[in-house]
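J.: Please see the structure below; I have some questions.
The values are calculated or read from the model by the stated rules, or taken from the named source; none is laboratory data. The structure presented is a predicted model; accordingly, all values stated were derived computationally and were not measured. As a convention, Cβ positions derive from the backbone with ideal geometry for all residues, glycine included, and neighbour counts pool all protein chains shown.
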Amino acid sequence: MSEPVYSYEFDIPTSAVDENGHVNNVMYVQWMQDAAVRHYESMGGTGPTQAVGATWVVRSHSIEYLRPAFAGERIRVETWVANLRRVRSLRRYRFLRVADEILLVRGETDWVFVDANSGAPHAVPAEIAALFTLVTDEP
């Protein structure tokens, strides 16, 4: 089982910067999804999910932009699962600038577990639910 709060770091590429000179807001949505996938893979969730013919899809994202980030800065992404319900899971994220530990962005995604063929909601099986360690408060 992986750590309840998953984190990794990366350097912001120039391609992530918009005409305003800072990271384009939409990049954070991509990075949130990337962090969720990395965490789920580290938990060993991919195989069991495929075995039951299911997948996770996004129901909604919520993002709060607190400070800008710039090309070349090193960022740490932290993500954790805050709750797990019958067919849904709420995942939270934080983006911090490594140099000064300033919180740049926080967000959350409401994920829905669905049948991969029909797209219909599918109850999260016990063996998949057991992979999650819930973190109800921000670390």
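Condition check ((1) among the hydroxyl-bearing types (Ser, Thr, Tyr); (2) out of contact with any Pro (no Cβ under 8 Å at 6 or more places or on another chain)) across all residues:
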position	(1), (2)
41	no, yes
47	no, yes
50	no, yes
53	no, yes
71	no, no
76	no, yes
89	yes, yes
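J.: Sticking with this structure for a sec: Considering only residues that are part of a helix (DSSP H, G or I) and not β-branched (Val, Ile, Thr), which ones fall in the stretch 107-139? Before the answer, list the steps.
T.: Looking only at the stretch 107-139, we keep the residues that are part of a helix (DSSP H, G or I), and these are 126-129.
Within the stretch 107-139, 126, 127, 129 qualify.
J.: Condition test on residue 89, is it surrounded by 15 or more Cβ atoms within 10 Å (Cβ to Cβ), under 15 Å from the mean Cα position of the chain (by Cα), at pLDDT 95 or above and of a type outside the set (D, E, K, R)?
T.: Details: surrounded by 15 or more Cβ atoms within 10 Å (Cβ to Cβ): yes; under 15 Å from the mean Cα position of the chain (by Cα): yes; at pLDDT 95 or above: yes; of a type outside the set (D, E, K, R): yes.
Yes; evaluated as a whole, the condition is true for this residue.
J.: Can you tell me which of (1) at negative phi; (2) surrounded by fewer than 19 Cβ atoms within 10 Å (Cβ to Cβ); (3) over 18 Å from the mean Cα position of the chain (by Cα) is the one residue 82 doesn't meet?
T.: Condition (3) is where residue 82 drops out.
J.: Can you tell me which residue within the stretch 94-106, out of those that are assigned to a strand (DSSP E or B) and in contact with a Lys or Arg (Cβ under 7 Å, 6 or more places away or on another chain), is farthest from residue 82 (Cα to Cα)?
T.: 102
J.: I would also like to ask the following. Within the stretch 96-117, can one find any residue that is within 17 Å of residue 4 (Cα to Cα) and of a type in the set (S, T, N, Q)?
T.: Yes; the residues of the stretch 96-117 include at least one that is within 17 Å of residue 4 (Cα to Cα) and of a type in the set (S, T, N, Q).
J.: Continuing with the same structure: Has the stretch 42-62 got any residue that is under 19 Å from residue 24 (Cα atoms), outside any strand (DSSP E or B) and at pLDDT 95 or above?
T.: no
J.: Among the listed residues 97, 88, identify the single one that is touching a residue at least 24 places away in the same chain (Cβ under 8 Å), under 23 Å from residue 132 (Cβ atoms) and out of contact with any His (no Cβ under 9 Å at 6 or more places or on another chain).
T.: On the way: 97 fails: under 23 Å from residue 132 (Cβ atoms).
Only one candidate qualifies: 88.
J.: Would you point out which residue out of 56, 31 is closer than 17 Å to residue 131 by Cβ and within 13 Å of the chain's Cα centre (by Cα)?
T.: Result: 56 is the single residue among 56, 31 that is closer than 17 Å to residue 131 by Cβ and within 13 Å of the chain's Cα centre (by Cα).
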